[in-house]
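A short worksheet on the structure shown next.
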Amino acid sequence: MQVLSVASEAYPLIKTGGLADVAGALPLALAAEGVQVRTLIPGYPSVLPALDPGFEAHALGEMFGGPAQLLCGTAQGLDVLVLDAPHLFARAGNPYHAAGGQEWPDNAFRFAALGRAAADIGLGALPSYQPDIVHAHDWQAGLAPAYLAYASGTRPGTVITVHNLAFPGKAPLDLLAALGLPPEALSIDGAEFYGSLSLLKAGLATADRITTVSPTYAAEIVTPDFGMGFDGLLRARRPVLSGILNGIDTEAWNPASDALLATPYDRDTLALRAANKADLQTRFGLDPDPDAMLFGVISRLSWQKGIDLLLAALPGVLADEAQLVVLGAGEAGLEVACREAAGRNPGKMGVLIGYDEALAHGIQGGCDALLVPSRFEPCGLTQLCALRYGAVPVVARIGGLADTVIDANAMALQAGVGTGVVYTPGETDAITTNRLRAAMQRAMLLHADRAIWRSMQRNGMAADMSWRVPARHYANLYRSLLASR
Ligand code: ADP
């Protein structure tokens with residue numbers, strides 16, 4: 001079976017978030033299921049030089065204001081089709097916005113081109129390659145299923161995966177024709193989204209199957225509370241909507257062989273983590289206290305991630321024997337708020353604003369508990385890495401967090417299955433903040449009982465976080481889709 005995966009980022013070629021991890025890892029895992037995946041990705045400046053020699057070029061003609069071609073080959077172990085369109089992608093910096101943070105004004109066209117190229121490939125543009133399925137990821141690829149659905153003749157099956165519903169990929173209504181969408185797309189059952197166009201909605205409305213990255217998020221997004229305006233459409237499409245949990249790259253994230261850790265360790269040598277904790281305390285300028293409960297955060301600093309809730313919960317927690325390190329970047333207000341909180345808590349809280357893969361490993365390998373206080377979380381990857389690294393996750397009971405962390409309540413402790421601390425968000429931020437604070441305090445109580453804490457760490461480290469099981473679910477989905485056509 002041949003699947004064309006369409007994504008705006010794929011690790012290690014280009015990454016701004018979890019989408020890249022998924023798009024980069026899934027092809028290799030699916031190969032073990034007998035599914036051949038090729039990944040269509042934009043030709044950003046960092047991607048083109050990564051192409052191995054010997055790639056082939058296929059002209060696609062004019063695409064939204066300039067020439068485009070597909071470069072077909074391999075790059076960093078991935079089988080890729082790179083959409084080379086310099087007028088759209090030859091720009092320094094982030095894939096989605098300029099250095100100042102403002103979105104590229106032509107984003108609708110840039111990612112319409114990605115969808116158009118995918119649809120063209122699906123309709124036979126490449127002489128030697130015909131995918132059975134086109135699998136689009138998030139709004140950036142949302143037009144791929146739409147162009148295919150509106151095309152005449154035979155077409156491949158289509159799947160769209162929602163990694164985050166918070167990004168609708170909006171464009172002005174009057175771009176409909178310029179984007180190459182037919183008039184019928186301008187309906188409530190098409191790409192129209194509250195007076196705009198939404199590239200994501202176009203995909204959700206037209207794909208044969210919709211998946212999202214956890215079963216709980218799949219159930220949440222059909223409700224008004226989590227549906228972000230798409231819940232009506234998603235309720236209507238519930239029969240084709242399912243949730244498949246993400247895995248992680250268990251080679252890159254392996255505490256036993258992680259060269260980015262001061263001291264590697266495994267399930268049986270957890271005492272060695274103490275050296276990583278000491279290293280982390282030094283790097284963040286914290287008091288070198290081996291017994292302090294060290295919380296860690298690795299996150300985009302955004303409203304979604306509940307960083308403001310965490311900062312509000314801190315007084316009363318840091319006063320006890322607790323410390324906090326934060327690695328993240330994002331909204332300016334939250335960056336400032338984190339820095340200020342660290343300034344108020346010298347020796348107890350350290351903040352590094354930025355994106356630092358090596359330090360992310362250091363935090364997973366050194367902190368006692370990893371906090372994920374998200375308001376919504378489609379899957380979440382940091383808690384999966386944390387489980388693998390014996391950093392006990394403290395998370396909100398929502399989305400993929402609810403599906404991956406087992407609260408160490410009395411019953412779970414009795415049964416010996418608890419892996420973390422899970423709290424239920426409240427109706428208001430104030431209630432949620434109190435519950436988060438209580439969860440952190442409960443984690444500290446559990447941490448004080450070293451035998452219980454060790455068992456929680458070991459339970460988490462024993463879980464299978466790899467892509468093996470998720471890949472099987474995707475392969476089954478592809479097979480059932482093809483069988484139904
Ligand atoms: P998102 O909503 O940002 O995709 P996920 O938890 O699904 O959240 O994935 C985030 C990924 O990015 C994880 O692999 C995490 O380790 C990584 N990450 C996030 N912020 C940083 C940072 N500041 N430095 C290094 N890695 C980060």
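The values are calculated or read from the model by the stated rules, or taken from the named source; none is laboratory data. Since this is a predicted model, take the numbers as computed values, not measurements. Quick reminder, even Gly has a Cβ in these numbers, built from the backbone with ideal geometry, and neighbours come from all protein chains shown. Accessible surface is based on the protein model in full, side chains and every heavy atom, while ligands, DNA and RNA are left aside. Shrake-Rupley method; radii C 1.70, N 1.55, O 1.52, S 1.80 Å.
Observations on the structure shown:
- Residues that are under 30 Å from E33 (Cα atoms), within 16 Å of the ligand (Cβ to nearest atom) and among the charged types (D, E, K, R) are absent from the stretch 450-470.
- Test set (1) part of a helix (DSSP H, G or I); (2) within 16 Å of the ligand (Cβ to nearest atom); (3) touching a residue at least 24 places away in the same chain (Cβ under 8 Å); (4) open to solvent by 50 Å² or more (accessible area, probe 1.4 Å) - D279 fails condition number: (2)
- Residue, modelled with the lowest pLDDT, within the stretch 288-314, restricted to residues that are in a strand (DSSP E or B) and open to solvent by 10 Å² or more (accessible area, probe 1.4 Å): R300
- Hey, R116 within 28 Å of K201 (Cβ to Cβ), open to solvent by 10 Å² or more (accessible area, probe 1.4 Å) and touching a residue at least 12 places away in the same chain (Cβ under 8 Å) or not: yes
- Some residue of the stretch 209-229 being open to solvent by 30 Å² or more (accessible area, probe 1.4 Å), at pLDDT 95 or above, out of contact with any Phe, Trp or Tyr (no Cβ under 8 Å at 6 or more places or on another chain) and within 18 Å of L481 (Cα to Cα): yes
- Exactly one residue out of A360, A410, A369 is away from the ligand (no atom under 13 Å from the Cβ) and either surrounded by fewer than 22 Cβ atoms within 10 Å (Cβ to Cβ) or at pLDDT below 95 (or both): that is A410.
- Being modelled with pLDDT of 95 or more and either under 30 Å from A10 (Cβ atoms) or assigned to a helix (DSSP H, G or I) (or both) is a property that holds for A274.
- Residue within the stretch 43-54 that is assigned to a strand (DSSP E or B), modelled with pLDDT of 95 or more, farther than 17 Å from H137 by Cβ and open to solvent by 60 Å² or more (accessible area, probe 1.4 Å) present: no
- Scanning the stretch 372-386 for residues that are more than 7 Å from the ligand (Cβ to nearest atom) and of a type in the set (S, T, Y) turns up just one, S374.
- Enumeration of residues in the stretch 383-400 that are in contact with a helix residue (DSSP H, G or I) (Cβ under 8 Å, 6 or more places away or on another chain) and within 20 Å of W303 (Cα to Cα): Q383, P393, V394, V395, A396, I398, G399, G400
- Checking E321 against (1) open to solvent by 10 Å² or more (accessible area, probe 1.4 Å); (2) within 25 Å of R450 (Cα to Cα); (3) within 8 Å of the ligand (Cβ to nearest atom), the condition it does not meet: (3)
- Residues of the stretch 149-166 that turn out to be over 13 Å from A202 (Cα atoms), open to solvent by 10 Å² or more (accessible area, probe 1.4 Å) and either within 16 Å of the ligand (Cβ to nearest atom) or of a type outside the set (A, V, I, L, M, F, W, C) (or both), as a count: 7
- Residue in the stretch 92-108 that is of a type in the set (A, V, I, L, M) and at pLDDT 95 or above present: yes
- Considering each residue of the stretch 7-19 in turn, at least one proves to be among the aromatic types (F, W, Y), part of a loop (DSSP other than H, G, I, E, B) and within 16 Å of the ligand (Cβ to nearest atom).
- Close pairs from the stretch 289-302: first in contact (Cβ under 8 Å) with a residue 24 or more places away in the chain and among the acidic types (D, E), partner in a strand (DSSP E or B) and buried (at least 21 other Cβ atoms within 10 Å of the Cβ), Cβ under 8 Å, at least 6 apart: D289/Q323
- Extreme residue, nearest to the ligand (Cβ to nearest atom), among residues of the stretch 234-252 that are assigned to a loop (DSSP other than H, G, I, E, B) and farther than 15 Å from C379 by Cβ: A252
- Among the residues of the stretch 147-176, those that are among the hydrophobic types (A, V, I, L, M, F, W, C) and part of a loop (DSSP other than H, G, I, E, B) comprise A151, L165, A166, F167, L176.
- Every pair of residues 6+ apart whose Cβ atoms lie under 8 Å, when the first sits in the stretch 92-108 and is farther than 25 Å from A178 by Cβ while the second is assigned to a loop (DSSP other than H, G, I, E, B) and modelled with pLDDT of 90 or more: A92/P45
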